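To keep things clear, I will list the structure first and then write my remarks on it.
The values are calculated or read from the model by the stated rules, or taken from the named source; none is laboratory data. Being a predicted model, the structure only gives us computed values, none of them experimental. So basically every Cβ, Gly included, is an ideal-geometry build from the backbone, and we count neighbours across all protein chains shown.
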C-alpha cells in the first residue's frame with residue numbers, strides 16, 4: 001500500500017498470549033485485508049514502541065486481569081487509535097473498567113470473525129469521522145475554569161501551562177461542550193456531532209468518552225464539577241467560557 005497513512009489505518013496491533021488463538025485471529029484479520037503486528041503479551045507490545053502507532057489495538061484480557069487493564073490506560077494516554085478488548089470469563093466489573101480506562105469496544109471469546117471484523121471497520125470509520133469533524137473554529141482560543149483550549153492546535157493546557165493530550169474524539173466532545181456552555185447536550189446530538197451516527201439506548205460511546213475527558217480534566221468521578229451529568233438529558237459544561245483570542249474570516253487574528 002503506497003499511502004503510509006492508509007497503511008497505518010489498516011494495521012492492527014494484536015496482543016494474544018494463546019498461540020493457537022493468535023494464529024486464528026491473525027489469519028482471519030489478514031484475510032479481511034489488515035496487516036497484523038502480533039505480540040504475545042504487553043511487554044512485547046511495549047518493547048515494540050508506539051512510534052508508528054497502528055490503526056487499532058486488539059487486546060486479549062481473558063486472563064490478564066489488572067495488568068491488562070493497566071495496558072489499556074497506558075495505550076490510551078499514548079495513542080489515539082481505537083482499542084477493542086477480547087474478554088473470556090471475566091466479571092462485568094472488569095469489562096466496565098476496561099471501557100472506563102479508554103477501551104472503545106469489547107467482544108466475548110469465542111467470537112465470530114465476521115462480527116469482529118465488522119466491529120473493527122465500524123471503529124475505524126468512527127475514528128476517521130471524528131478526525132475530520134474537528135476543524136479550525138472561528139474562535140481560536142477559549143478558557144474555562146483553570147483550563148485554556150487552542151482550537152487550531154487542538155491543545156488543552158492547565159493553569160500551570162501543562163499540556164494535556166486529547167484524542168480526536170475527546171477534543172471534539174470538549175469543543176462541542178465549550179461552544180454551548182450551560183446548555184445540556186443530549187447523547188444523541190453528541191454522538192451525531194462527534195461520530196456522525198445515530199444513537200441507540202444501549203450505546204455507551206458518549207458515556208465512556210465523557211469518563212475519559214473528565215479524567216484528563218482531573219475531575220472527581222464521584223462528584224464532577226466541570227462536566228455534569230443531566231439525568232435523562234445528557235451532559236453540560238457548567239464552567240463559564242471566555243474567548244481569549246478570535247480569528248477573522250480571512251484566518252488572521254481579529255479584535256475582540
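Which is more than 15 Å from residue 233 (Cβ to Cβ) and either touching a strand residue (DSSP E or B) at 6+ places or on another chain (Cβ under 8 Å) or in a helix (DSSP H, G or I) (or both), of 174, 190?
Answer to the selection: 174.
Would you say residue 173 is under 20 Å from residue 101 (Cβ atoms), in contact with a helix residue (DSSP H, G or I) (Cβ under 8 Å, 6 or more places away or on another chain) and surrounded by 20 or more Cβ atoms within 10 Å (Cβ to Cβ)?
yes
Any idea which residue in region 143-162 is surrounded by the fewest Cβ atoms within 10 Å (Cβ to Cβ), counting only those that are closer than 16 Å to residue 173 by Cα and at pLDDT below 85?
Residue satisfying both the conditions and the ranking: 153.
Against the condition out of contact with any strand residue (DSSP E or B) (no Cβ under 8 Å at 6 or more places or on another chain), within 24 Å of residue 244 (Cα to Cα) and free of Cβ contacts under 8 Å to residues at least 60 places away in the same chain, how does residue 209 come out, does it pass? Write out each step before concluding.
On the way: out of contact with any strand residue (DSSP E or B) (no Cβ under 8 Å at 6 or more places or on another chain): yes; within 24 Å of residue 244 (Cα to Cα): no; free of Cβ contacts under 8 Å to residues at least 60 places away in the same chain: yes.
For residue 209, the condition - out of contact with any strand residue (DSSP E or B) (no Cβ under 8 Å at 6 or more places or on another chain), within 24 Å of residue 244 (Cα to Cα) and free of Cβ contacts under 8 Å to residues at least 60 places away in the same chain - is not met.
Name the residue that is modelled with the lowest pLDDT, counting only residues in region 111-142 that are crowded, with 18+ Cβ neighbours inside 10 Å and over 18 Å from the mean Cα position of the chain (by Cα).
Restricting to residues being crowded, with 18+ Cβ neighbours inside 10 Å and over 18 Å from the mean Cα position of the chain (by Cα), the top hit is 139.
Which members of region 189-203 meet the condition of being exposed (fewer than 15 other Cβ atoms within 10 Å of the Cβ) and either closer than 27 Å to residue 146 by Cβ or touching a residue at least 24 places away in the same chain (Cβ under 8 Å) (or both)?
196, 197 - these are the residues of region 189-203 that are exposed (fewer than 15 other Cβ atoms within 10 Å of the Cβ) and either closer than 27 Å to residue 146 by Cβ or touching a residue at least 24 places away in the same chain (Cβ under 8 Å) (or both).
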